[in-house]
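The structure appears right after this line, and notes come after that.
The values are calculated or read from the model by the stated rules, or taken from the named source; none is laboratory data. Just so you know, these numbers come straight off a predicted model, no measurement behind them. Here the Cβ positions follow ideal geometry from the backbone for every residue, glycine too, while neighbour counts run over all protein chains shown.
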Amino acid sequence: MDYYPYIKAFHLIFVITWFAGLFYIPRLFVYQIEAHSKPSPDREILGKQLKLMAKRLWYIITWPSAILATVFAIWLIILQPFWLLQAWMQLKLAFVVLLILYHLKTHQYYKQLQNDVFKKSSNFMRIWNEGATFILFAVVFLVILKSAINWIWGLIGLIVLSVLIMLGFRMYKRIREKNPEA
């Protein structure tokens, strides 16, 4: 079991790069959606470049990171199966399932935008961008705190974080409406 810390380190590295991809791809979606309303030739030039950036991010960083983070997580559980008996781990795995669903839905948005199908607004994508943040906060607090009473404080913190992000989003939207270059 001398290699357990190495497996854990690789798991953590790929979780971080997976989240990096999940944090950035919705921003690219925002830019793609906003570029679609620009006049020609800006629309075509920006659209083509943003599609290429999204494709590289999604298939070179985000998907491989998701797969490798999952492989290393399964490996860790095989090495230490008793973790599955812990309530905090069960809840963490529920958030991981939520993360996977978020990833798959993001993939759906990615495919739509790659095919020039614009079903969502840039404001929606700005809000969607925060989904991975909520999951990250929940998982980190669960892993670090582990006890039920701390879950309650963690949940309260998550709710406060949600409110602060929404207030920040509204404030930024007002700034953008007054100054479109912001």
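The single condition among (1) closer than 20 Å to I25 by Cα; (2) of a type in the set (A, V, I, L, M, F, W, C); (3) free of Cβ contacts under 8 Å to residues at least 24 places away in the same chain that L93 does not satisfy is (1). Of all residues in the stretch 123-152, exactly one satisfies the criterion of being among the basic types (K, R) and either at pLDDT 85 or above or crowded, with 19+ Cβ neighbours inside 10 Å (or both), namely R126. I'd like to check something: does the stretch 28-46 contain any residue that is in a helix (DSSP H, G or I), touching a His at 6+ places or on another chain (Cβ under 9 Å) and either surrounded by fewer than 17 Cβ atoms within 10 Å (Cβ to Cβ) or touching a residue at least 12 places away in the same chain (Cβ under 8 Å) (or both)? Looking through the stretch 28-46, at least one residue is in a helix (DSSP H, G or I), touching a His at 6+ places or on another chain (Cβ under 9 Å) and either surrounded by fewer than 17 Cβ atoms within 10 Å (Cβ to Cβ) or touching a residue at least 12 places away in the same chain (Cβ under 8 Å) (or both). Looking for something modelled with pLDDT of 95 or more, under 18 Å from N129 (Cα atoms) and surrounded by 14 or more Cβ atoms within 10 Å (Cβ to Cβ) - is there at least one such residue anywhere in the stretch 83-96? So far as the stretch 83-96 goes, yes, one or more of its residues are modelled with pLDDT of 95 or more, under 18 Å from N129 (Cα atoms) and surrounded by 14 or more Cβ atoms within 10 Å (Cβ to Cβ).
Wholly within the stretch 82-181, which helices (runs of 4 or more DSSP H) include no fewer than the required count, namely at least 2 residues that are among the hydrophobic types (A, V, I, L, M, F, W, C) and under 21 Å from A35 (Cα atoms)?
Result: 122-128, 148-178.
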